[in-house]
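Engineer: Dumping the structure here so I can ask a few things about it.
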Amino acid sequence: MSKLSKNVIDKIHEKHIKPLPKWLFIIGHIALWLLFALSIFIGAAAVSLGLHKLFVLNDWGIIGRLPGGHIGGFLLILPYIWILILGLMVLAAFHLFKHTEKGYKISPWLVVGISVVISFIVGSLMFANRTAEGMENFMREKLPQYREFQEFREKVWHAPEQGVLPGRIISIEGKSMIIMDDLNGEKWEVDISKAQVPPLMKLKVDDLIIAVGKIEGKGEFKADSIKPTKVLKDRLRKSFKR
């Protein structure tokens with residue numbers, strides 16, 4: 001027996017150290033794998049919600065009119081919070097996997113790559129099944145801080161100077177004019193005489209819409225097109241309930 005081994009054994013006897021039971025190691029191992037799976041699932045949820053915000057809650061036909069043009073508009077609407085959460089979950093998955101049995105032998109880049117791929121595959125399936133829509137609605141309803149953050153982010157779409165005017169129709173003046181309230185409570189006369197309106201969209205009082213066009217004068221707006229408010233429907237509804 002080497003001197004080092006003898007010293008270790010003496011310390012064990014001296015401090016009455018007892019080995020931990022095997023079942024405790026098994027539980028710890030299972031807990032690590034469960035946490036690893038949970039981090040992957042949360043990462044997948046972040047991917048799903050990010051895709052939902054990019055491809056359902058955004059109108060790509062308007063983005064080029066936002067401040068900064070196409071590139072600036074794209075940067076403005078990126079779901080940064082979900083990109084950050086995905087990054088954190090990938091890091092968490094990596095550190096958890098490293099502590100599993102033989103996990104230390106696998107390349108960290110391989111673990112990160114596997115985590116990202118799994119998160120994107122599962123997240124894409126959740127997005128396709130509209131799970132993200134339910135999660136988004138649930139968080140907006142149950143988490144006031146999340147709802148307020150999203151409403152703050154959505155203000156980017158209120159840009160009449162760039163030709164994007166969201167609001168609620170408060171009256172219809174014949175076939176060529178509507179009166180709108182915008183997000184700031186200001187009234188606009190919107191000329192829709194030459195505006196393109198989706199075939200199945202019938203304008204009526206209290207409709208929430210986005211007028212795309214240009215300012216003609218104080219409180220006057222000429223619309224080139226009228227769009228439904230898939231981007232801002234929750235924010236508009238809350239604003240006009242006040």
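Engineer: From (1) buried (at least 19 other Cβ atoms within 10 Å of the Cβ); (2) in contact with a Leu (Cβ under 8 Å, 6 or more places away or on another chain); (3) of a type in the set (A, V, I, L, M, F, W, C), pick out the condition that doesn't hold for Met126.
Structural biologist: It fails just one condition, (2).
Engineer: Let me ask another. If you go through the range 188-217, how many residues are at pLDDT below 90 and of a type in the set (D, E, K, R)?
Structural biologist: Summing the residues that are at pLDDT below 90 and of a type in the set (D, E, K, R) in the range 188-217 gives 4.
Engineer: Somewhere in the range 135-143, is a residue under 24 Å from Val164 (Cβ atoms), of a type in the set (Lys, Arg) and within 14 Å of the chain's Cα centre (by Cα)?
Structural biologist: yes
Engineer: Which residues, counting only those in the range 167-203, are in contact with a His (Cβ under 8 Å, 6 or more places away or on another chain) and among the polar types (S, T, N, Q)? Working first, answer last.
Structural biologist: The initial filter retains those residues of the range 167-203 that are in contact with a His (Cβ under 8 Å, 6 or more places away or on another chain), namely 182-184.
Answer for the range 167-203, where residues must be in contact with a His (Cβ under 8 Å, 6 or more places away or on another chain) and among the polar types (S, T, N, Q): just Asn184.
Engineer: Return the only residue of Gly163, Gly167, Gly217, Gly213 being exposed (fewer than 11 other Cβ atoms within 10 Å of the Cβ), over 21 Å from the mean Cα position of the chain (by Cα) and not assigned by TED's automatic domain parsing to the domain that holds His70. Don't jump to the end; show me each part of the working.
Structural biologist: Values: Gly163 fails: exposed (fewer than 11 other Cβ atoms within 10 Å of the Cβ); Gly167 fails: exposed (fewer than 11 other Cβ atoms within 10 Å of the Cβ); Gly213 fails: exposed (fewer than 11 other Cβ atoms within 10 Å of the Cβ).
Testing whether each residue is exposed (fewer than 11 other Cβ atoms within 10 Å of the Cβ), over 21 Å from the mean Cα position of the chain (by Cα) and not assigned by TED's automatic domain parsing to the domain that holds His70 leaves just Gly217.
Engineer: Okay, next question. Looking at (1) outside the structural domain of Leu88 (by TED's automatic domain parsing); (2) at pLDDT 85 or above, can you tell me which one Lys175 breaks?
Structural biologist: Only one criterion is unmet by Lys175, namely (2).
Engineer: Do any helices (runs of 4 or more DSSP H) entirely within the range 40-104 hold 1 or more residues that are farther than 30 Å from Val197 by Cα, and if so, which? Quick ask: steps written out before the conclusion?
Structural biologist: Numbers: elements: 60-63, 69-77, 80-98.
Counting at least 1 such residues, we get 80-98.
Engineer: Would it be correct to say that Val164 is at pLDDT 90 or above and touching a helix residue (DSSP H, G or I) at 6+ places or on another chain (Cβ under 8 Å)?
Structural biologist: On the way: at pLDDT 90 or above: yes; touching a helix residue (DSSP H, G or I) at 6+ places or on another chain (Cβ under 8 Å): yes.
Yes, satisfied.
Engineer: Out of curiosity, is Asp234 in the same structural domain as Leu165 (by TED's automatic domain parsing), modelled with pLDDT under 90 and in a loop (DSSP other than H, G, I, E, B)? Full working, then the answer.
Structural biologist: Numbers: in the same structural domain as Leu165 (by TED's automatic domain parsing): yes; modelled with pLDDT under 90: yes; in a loop (DSSP other than H, G, I, E, B): no.
Spelling it out, it is not the case that Asp234 is in the same structural domain as Leu165 (by TED's automatic domain parsing), modelled with pLDDT under 90 and in a loop (DSSP other than H, G, I, E, B).
Engineer: I'm checking my understanding of the structure. Among residues of the range 192-210 that are buried (at least 17 other Cβ atoms within 10 Å of the Cβ) and not small (Gly, Ala, Ser), which one is farthest from Gly167 (Cα to Cα)? Please lay out each step first, then the result.
Structural biologist: Within the range 192-210, the first condition is being buried (at least 17 other Cβ atoms within 10 Å of the Cβ), and the residues that meet it are 192, 195, 207-210.
Now restrict to residues that are not small (Gly, Ala, Ser): 192, 207-210.
Values: Ile192: 14, Asp207: 8, Leu208: 6, Ile209: 6, Ile210: 6 Å.
The selected residue is Ile192.
Engineer: Exactly one condition in (1) of a type outside the set (Asp, Glu); (2) touching a residue at least 24 places away in the same chain (Cβ under 8 Å); (3) not assigned by TED's automatic domain parsing to the domain that holds Gly64 is false for Phe120; which is it?
Structural biologist: (3)
Here is a yes/no grid of residues against (1) loosely packed, with under 14 Cβ neighbours inside 10 Å; (2) farther than 27 Å from Met139 by Cα; (3) modelled with pLDDT under 85:
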site: Phe25; (1), (2), (3): yes, yes, yes
site: Ile42; (1), (2), (3): no, no, no
site: Gly50; (1), (2), (3): no, no, no
site: Asp59; (1), (2), (3): no, no, yes
site: Gly69; (1), (2), (3): yes, yes, yes
site: Trp82; (1), (2), (3): no, no, no
site: Leu86; (1), (2), (3): no, no, no
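The values are calculated or read from the model by the stated rules, or taken from the named source; none is laboratory data. Keep in mind the model is a prediction, meaning the values are calculated, not measured. Every residue, glycine among them, receives a Cβ derived from its backbone with ideal geometry; neighbour counts consider all protein chains shown.
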